[in-house]
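One structure is given below, encoded as structure tokens.
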Amino acid sequence: MVLTILATVVVLGVLIFVHELGHFMAAKAVDIEVPRFSIGLGPKMVGFRRGETEYVISWLPLGGYVKMAGMADEEATGKLEGGVAEARAPSERDFEAKPLWARSIVILAGVTMNWVFAFLAFSVLALRMGVQEPIIVDIVPDTPAAEIGLELGDKFLSIDGVTVRNPGQVSMVTEGQAGEEIDVVVEREGERIVFRATPAPVRLYSEFQKDTITVGRLGVSIGGDEAYRTVGAAGAVRQGWNDTVYWTEAILRFLKRLVTGRTSVRELGGPIMIGQISGEAARTGFWSLLSFMAIISINLAVLNLLPIPVLDGGHMVFIVVEALRGKAVSIEQRVRWSTAGMVVVMGIMIWAIGNDLLRVFGL
């Protein structure tokens, strides 16, 4: 239990810090005043002041923020801090006083830092652990893979038009294509071969949904120890990029399936699930924990780009609207939308925590 709690604090603390550090560094780079840098939400627990900025850890460990002077939703932020926004005279160092390009850089800097963290972590892992190629090491008889003529040693290049950069990508794509014909492209002895396959529907029990679901399977085993190879610095960087792209695509596909109803909302996980997996990864070792942190970092990047006011994606919507209209959305409207966005985010968080509790108690 102690290790699980410690691992959760490390994972969430480091990744939130990385995200907010991106905003902070970008704001300083374009000369925006930053009164507060907070890890967590709500009233201040501990903190200190250096220069114009107060650095704090807040009581509610569900995120963090960089409070920038003159930002339209500063009033909403003040409420989150447990107080109210202070009245102040406009300044040329205000967020709103900066040009659109500068504000865009600041808003996107957080998610960029999360992707950079993941890329560096995956690159280090590839250099340390080697690279596992998507090579077929076993084929189950009387399955789609056997029927279309796939062979041991074939290397997957793409599935259903999706480039295969990681062994797990094969099952990620086919699981949602049960009964649907797709293109399977492999490399065999240096030759590129295209097959048409229909993933077989397989009934599996989902620990997330606590129910039996149908997924598509080709009937192959991929990777294994024989598919590992060591790489140098250049190969590690390439693999770091491939893994970052792979997980970004995986999260986007999950969100698409969630919106279209092909994935149950019961699969949403929250901090309890993160804590459980963090603890398991920590018990396995540092490298497993680093890999998990990289995956969660990409999750944070993608989710923060959702067009929900109060998230980075919501701020970018305001900037795009301003660019198209030639004038900014009124401060009153932005504060109203940001408050509503916070309600939505908290609702999603409560739903995710509820799912976590249902999984913990086996419901």
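Quick one: would you say LYS44 is farther than 27 Å from TRP115 by Cβ, without any contact (Cβ under 8 Å) to a residue 40 or more places away in the chain and out of contact with any Pro (no Cβ under 8 Å at 6 or more places or on another chain)?
Criteria met by LYS44.
For the range 309-351, what are the residues that are in contact with a Gly (Cβ under 7 Å, 6 or more places away or on another chain) and surrounded by fewer than 19 Cβ atoms within 10 Å (Cβ to Cβ)?
MET349
Using the structure shown, decide if GLN209 is surrounded by 18 or more Cβ atoms within 10 Å (Cβ to Cβ), at pLDDT below 85 and not in a strand (DSSP E or B). Talk me through it step by step, then tell me what you get.
Working: surrounded by 18 or more Cβ atoms within 10 Å (Cβ to Cβ): no; at pLDDT below 85: yes; not in a strand (DSSP E or B): yes.
Criteria not met by GLN209.
Name, by its number, the condition in (1) surrounded by fewer than 18 Cβ atoms within 10 Å (Cβ to Cβ); (2) out of contact with any Phe, Trp or Tyr (no Cβ under 8 Å at 6 or more places or on another chain); (3) over 30 Å from PHE318 (Cα atoms); (4) not β-branched (Val, Ile, Thr) that does not hold for LEU127.
Of everything listed in (1) surrounded by fewer than 18 Cβ atoms within 10 Å (Cβ to Cβ); (2) out of contact with any Phe, Trp or Tyr (no Cβ under 8 Å at 6 or more places or on another chain); (3) over 30 Å from PHE318 (Cα atoms); (4) not β-branched (Val, Ile, Thr), LEU127 misses just condition (1).
When only residues in the range 42-66 that are farther than 17 Å from LEU21 by Cβ and of a type in the set (A, V, I, L, M, F, W, C) count, which is surrounded by the fewest Cβ atoms within 10 Å (Cβ to Cβ)?
Result: VAL46.
Identify, please: which residue in the range 36-77 is within 25 Å of LYS327 (Cα to Cα) and more than 27 Å from the chain's Cα centre (by Cα) and is, among those, modelled with the highest pLDDT?
Taking the candidates together, the pick is ALA69.
State whether the residues of the range 314-326 include one that is part of a helix (DSSP H, G or I), of a type outside the set (Lys, Arg) and within 17 Å of the chain's Cα centre (by Cα).
Yes - at least one qualifying residue is present in the range 314-326.
Output the residue which, of all residues in the range 136-167 that are surrounded by 21 or more Cβ atoms within 10 Å (Cβ to Cβ) and of a type in the set (Val, Ile, Thr), is nearest to the chain's Cα centre (by Cα).
VAL164
Can you give me the number of residues within the range 165-186 that are assigned to a helix (DSSP H, G or I) and among the aliphatic types (A, V, I, L, M)?
3
For the list (1) under 30 Å from VAL184 (Cβ atoms); (2) open to solvent by less than 40 Å² (accessible area, probe 1.4 Å); (3) modelled with pLDDT of 90 or more, I need the number of the one condition that VAL215 fails.
For VAL215, the exception is condition (3).
Among all residue pairs at least 6 apart or on different chains, which show Cβ distances below 7 Å where the first residue, located in the range 20-36, is under 15 Å from PRO99 (Cα atoms) and the second is open to solvent by 40 Å² or more (accessible area, probe 1.4 Å) and part of a helix (DSSP H, G or I)?
ALA26/ILE105; VAL30/ILE105
Please determine, by comparing only the residues of the range 237-296 that are among the small types (Gly, Ala, Ser) and without any contact (Cβ under 8 Å) to a residue 24 or more places away in the chain, which one is nearest to TYR205 (Cα to Cα).
The initial filter retains those residues of the range 237-296 that are among the small types (Gly, Ala, Ser), namely 240, 250, 261, 264, 269-270, 275, 278-279, 281-282, 285, 288, 291, 294.
Narrowing further to those that are without any contact (Cβ under 8 Å) to a residue 24 or more places away in the chain: 261, 285, 288.
Numbers: GLY261: 18, GLY285: 28, SER288: 25 Å.
The residue in question is GLY261.
Write out, first by first residue and then by second, each pair whose Cβ atoms fall under 8 Å of each other, whose residues are 6+ apart or on separate chains, and whose first residue, in the range 329-344, is on the phi < 0 side of the Ramachandran plot while the second is in a helix (DSSP H, G or I) and among the acidic types (Asp, Glu).
As it stands, the answer is VAL329/GLU322; VAL335/GLU75, since those pairs meet every condition given.
Mind listing whichever residues of the range 24-34 are assigned to a helix (DSSP H, G or I), within 14 Å of TYR55 (Cα to Cα) and in contact with a strand residue (DSSP E or B) (Cβ under 7 Å, 6 or more places away or on another chain)?
Correct list: PHE24 only.
Considering only the range 132-177, state which residues are in contact with a Gly (Cβ under 7 Å, 6 or more places away or on another chain) and at pLDDT below 85.
Those that are in contact with a Gly (Cβ under 7 Å, 6 or more places away or on another chain) and at pLDDT below 85: GLN132, PRO167, GLU175, GLY176, GLN177.
Taking GLY285 as the residue in question, decide whether it is modelled with pLDDT under 80, open to solvent by 20 Å² or more (accessible area, probe 1.4 Å) and either of a type in the set (Gly, Ala, Ser) or under 27 Å from ASP183 (Cβ atoms) (or both). I'd like the intermediate steps shown before the answer.
Details: modelled with pLDDT under 80: no; open to solvent by 20 Å² or more (accessible area, probe 1.4 Å): yes; either of a type in the set (Gly, Ala, Ser) or under 27 Å from ASP183 (Cβ atoms) (or both): yes.
Taking the combined requirement at face value, the residue does not satisfy it.
When you scan the range 218-240, do you find a residue that is of a type outside the set (Lys, Arg), under 22 Å from ARG128 (Cβ atoms), at pLDDT 75 or above and within 16 Å of the chain's Cα centre (by Cα), even just one?
Checked against the condition, which is being of a type outside the set (Lys, Arg), under 22 Å from ARG128 (Cβ atoms), at pLDDT 75 or above and within 16 Å of the chain's Cα centre (by Cα), the range 218-240 yields at least one hit.
Select, from ARG253, ARG266, ARG336, the only residue that is part of a helix (DSSP H, G or I), at pLDDT below 80 and of a type in the set (Lys, Arg).
Being part of a helix (DSSP H, G or I), at pLDDT below 80 and of a type in the set (Lys, Arg) holds for just one of ARG253, ARG266, ARG336, which is ARG266.
Only one residue in LEU300, LEU306 is open to solvent by less than 60 Å² (accessible area, probe 1.4 Å), under 15 Å from GLY269 (Cβ atoms) and modelled with pLDDT of 90 or more, so which one is that?
Values: LEU306 fails: under 15 Å from GLY269 (Cβ atoms).
Matching residue, one of LEU300, LEU306: LEU300.
In the range 98-109, is there at least one residue being basic (Lys, Arg), within 20 Å of LYS327 (Cβ to Cβ), within 30 Å of the chain's Cα centre (by Cα) and part of a helix (DSSP H, G or I)?
yes
The values are calculated or read from the model by the stated rules, or taken from the named source; none is laboratory data. Note that the structure is a prediction, hence the values are computed from the model and not measured. All Cβ positions, even for glycine, are placed from backbone atoms using ideal geometry, and neighbour counts span all protein chains on display. With ligands, DNA and RNA removed, areas are computed over all heavy atoms of the protein, side chains included. Shrake-Rupley method; radii C 1.70, N 1.55, O 1.52, S 1.80 Å.
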